Amino acid sequence: MKLVRFGEIGRERPGLVDPEGVLRSLEGIVSDIGGNILNATNLAELAAQDSTRLPEVTGTPRFGPPVAHVGKMICVGLNYADHAAESGLAVPEEPVLFMKATTAIVGPNDPVVIPFGSQKTDWEVELGVVIGEVSRRVSIDAALESVAGYVVINDVSERSFQLERGGQWVKGKSCDSFGPIGPWLVTRDDIPDPQSLSLWLDVDGHRYQDGNTCTMVFGVAYLVSYISQFMTLMPGDIISTGTPPGVGLGQKPPVYLRPGAVMELGIAGLGRQRQQVVGQNDFTRS
């Protein structure tokens, strides 16, 4: 299934995209897409719905983040060896974890806002893993059973805030609009192997990132198991699994986002995003 949330910011409604690509409403069946709706039992009940009998949504509504009320957004750094190299950092022996504030989360086509004082706002296409079950100390072999599905994430980053201001990376990752997610949540049954997905990102029509999840240092099952050793993963939590090479920081010389730039990105089977970059003076939050 492709589960979505559509509508104005803060007033998104639940829906799905049927096999023919038609957007249909799930209002009256679920209150939203998130939390315990994402466990295996409830997803199976949704999958059993006859999508042709669901109301068709007309027009071209905005897509919001496909998961509501995200409790934790856990990010993995340097999870592609060639991205670590372009960043001038060693490949880690264990996953590098950091958090992105959930206030950064926006829809897949919402504008990305350059924060005040930024000179080094950058891009990162990443596979997002959405948790569907309460998970504590799960084994690698059982880890994918904890997964509800997968999403496209742009882990937008401000490199000077992240790397030059001391402390942890979180402050370079958490600015408003730095977490575009979607367009939809594709359930686990439609993605049999999360380690064989191509992912890409363009800025102003130039392809900067072109990778595949098969080159991750730590795969999805390992990451879910590893993270669950240190914290309880809850339904609706999201793990952003790292980015392949080609970020702005790694260009010679570095290239960073400026107002007016357009990012387009996607992952095979998970859809694509498009964001225009704007300055603070051009942005009004609803």
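If you check VAL186, VAL134, VAL152, which single one turns out to be open to solvent by 10 Å² or more (accessible area, probe 1.4 Å) and of a type in the set (A, V, I, L, M)?
VAL134
Somewhere in the stretch 196-210, is a residue surrounded by fewer than 23 Cβ atoms within 10 Å (Cβ to Cβ), of a type in the set (Asp, Glu), in contact (Cβ under 8 Å) with a residue 24 or more places away in the chain and farther than 15 Å from PRO108 by Cα?
The answer is yes; a qualifying residue exists.
Could you list, in sequence order, all residues of the stretch 62-76 that are crowded, with 18+ Cβ neighbours inside 10 Å and either touching a helix residue (DSSP H, G or I) at 6+ places or on another chain (Cβ under 7 Å) or at pLDDT below 95 (or both)?
VAL70, MET73, ILE74, VAL76
For the stretch 42-61, which residues satisfy the criterion of being open to solvent by 60 Å² or more (accessible area, probe 1.4 Å) and part of a loop (DSSP other than H, G, I, E, B)?
Matches in the stretch 42-61: ALA48, GLN49, ASP50, PRO55, THR58, GLY59, THR60.
Within the stretch 227-253, can you find the residues that are open to solvent by 10 Å² or more (accessible area, probe 1.4 Å) and charged (D, E, K, R)?
Once the filter is applied, which keeps residues that are open to solvent by 10 Å² or more (accessible area, probe 1.4 Å) and charged (D, E, K, R), the stretch 227-253 yields only LYS252.
Answer yes or no as to whether GLY34 is within 16 Å of LEU233 (Cβ to Cβ), open to solvent by less than 20 Å² (accessible area, probe 1.4 Å) and either more than 19 Å from the chain's Cα centre (by Cα) or not hydroxyl-bearing (Ser, Thr, Tyr) (or both).
Yes: the conditions hold for GLY34.
How many residues does the stretch 82-121 hold that are among the acidic types (Asp, Glu), touching a residue at least 60 places away in the same chain (Cβ under 8 Å) and either part of a loop (DSSP other than H, G, I, E, B) or open to solvent by less than 50 Å² (accessible area, probe 1.4 Å) (or both)?
Qualifying residue count, the stretch 82-121: 3.
Does the stretch 88-100 include one or more residues that are within 20 Å of LEU257 (Cβ to Cβ) and touching a strand residue (DSSP E or B) at 6+ places or on another chain (Cβ under 6 Å)?
yes
Each row is one residue, and each column tells you yes or no for (1) closer than 20 Å to MET73 by Cβ; (2) without any contact (Cβ under 8 Å) to a residue 24 or more places away in the chain; (3) surrounded by fewer than 19 Cβ atoms within 10 Å (Cβ to Cβ).
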{"site": "LEU3", "(1), (2), (3)": "yes, no, no"}
{"site": "GLY7", "(1), (2), (3)": "no, no, yes"}
{"site": "GLY10", "(1), (2), (3)": "yes, no, yes"}
{"site": "GLY15", "(1), (2), (3)": "no, no, no"}
{"site": "PRO19", "(1), (2), (3)": "no, no, yes"}
{"site": "VAL22", "(1), (2), (3)": "no, no, yes"}
{"site": "LEU26", "(1), (2), (3)": "no, no, no"}
{"site": "ALA40", "(1), (2), (3)": "no, no, yes"}
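The values are calculated or read from the model by the stated rules, or taken from the named source; none is laboratory data. All values derive from a computational prediction rather than experimental measurement. We place every Cβ from the backbone using ideal geometry, glycine too, and count neighbours over all the protein chains shown. Accessible surface is based on the protein model in full, side chains and every heavy atom, while ligands, DNA and RNA are left aside. Shrake-Rupley method; radii C 1.70, N 1.55, O 1.52, S 1.80 Å.
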